[in-house]
Amino acid sequence: MSVMRVEGYNAFYGRSQALRDFSIELRGGEVLCLLGRNGAGKTTALKAIMGTVKPASGALWLDDVNLFGRPAEEIPRAGIGYVPQGRRLFSELTVWENLEIGLLTREQGRDGLDYALELFPVLKERMKQRSGTLSGGEQTMLAMARAMCITPSVIMLDEPTEGLMPSAIAGIRDAVMKLRDSGVAVLLVEQRVDAVLPIADRVAFMDHGEIKAEFPIDEVRENTALLHQYVGVGH
């Protein structure tokens, strides 16, 4: 199974430092959750890994290949999938056309798509429907399915349950667990602590652009004071 290592990422917006020596390691078959208050740098970290925010220094290893400094379009081609906050679908295009864009990104064949449609069978019935007319839950499923079209070894999800009904959240949570069980490494950014605790293997707490602490999920479940300390919420 693949291993992704981010080492010493520093990133800036103008003169403001957004990431400070950001470092994580993520293995296939596990879910690592980034938790932190708004503005802690979680979304910036994902964008820096994907190359849409250019880090000033660091290293990004996927197994034995250093992807740091590669053009942004090469990161998904290497096998890192990304579901951005707000889903970023092409709302005027159909479900199939959105998925086709995913397939063309890496040209890995249809295995990833077929697996995604197993996870989200409702999409099979929506192939000709404009993606902008889908429900919020279906749009999240489509965004995940599009990312899975590259047959990723790592998939990063930014607030996938945002604005969703409880039934849709349960479906997304089940899909994340199945991805993990199939050997994919999952990096999850979430505000909803209750959505994270059942599925994460480890939690890394971020503040001011850096990882302040990291714990196995059992420790976080047993010591909810950690959530109050780092995120400002109780469970």
**Asked** Has the stretch 146-161 got at least one residue that is touching a Lys or Arg at 6+ places or on another chain (Cβ under 6 Å) and of a type in the set (Val, Ile, Thr)?
**Response** yes
**Request:** Hey, could you check the stretch 39-60 for residues that are surrounded by fewer than 16 Cβ atoms within 10 Å (Cβ to Cβ) and either touching a residue at least 40 places away in the same chain (Cβ under 8 Å) or in contact with a Leu (Cβ under 7 Å, 6 or more places away or on another chain) (or both) and say which is nearest to Ile217 (Cα to Cα)?
**Result:** Ala59
**Asked** Within the stretch 66-99, can you find the residues that are surrounded by fewer than 18 Cβ atoms within 10 Å (Cβ to Cβ), part of a strand (DSSP E or B) and either small (Gly, Ala, Ser) or touching a Cys at 6+ places or on another chain (Cβ under 8 Å) (or both)?
**Response** none
**Asked** Got at least one residue in the stretch 161-172 being outside any helix (DSSP H, G or I) and under 14 Å from the mean Cα position of the chain (by Cα)?
**Response** yes
**Fill in**
Of the residues in the stretch 182-210 that are under 21 Å from Arg221 (Cα atoms) and not hydrophobic (A, V, I, L, M, F, W, C), the one that is nearest to the chain's Cα centre (by Cα) is Glu190
**Prompt:** How many residues does the stretch 175-191 hold that are at pLDDT 95 or above, in a loop (DSSP other than H, G, I, E, B) and surrounded by 16 or more Cβ atoms within 10 Å (Cβ to Cβ)?
**Reply:** 1
**Request:** Report whether or not Asp194 is under 20 Å from Gly163 (Cα atoms) and either assigned to a helix (DSSP H, G or I) or among the aliphatic types (A, V, I, L, M) (or both).
**Result:** yes
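The values are calculated or read from the model by the stated rules, or taken from the named source; none is laboratory data. Predicted model, so just to flag it, every value in this text is computed and none were measured. Glycine gets a Cβ as well: all are built from the backbone with ideal geometry, and neighbour counts include every protein chain shown.
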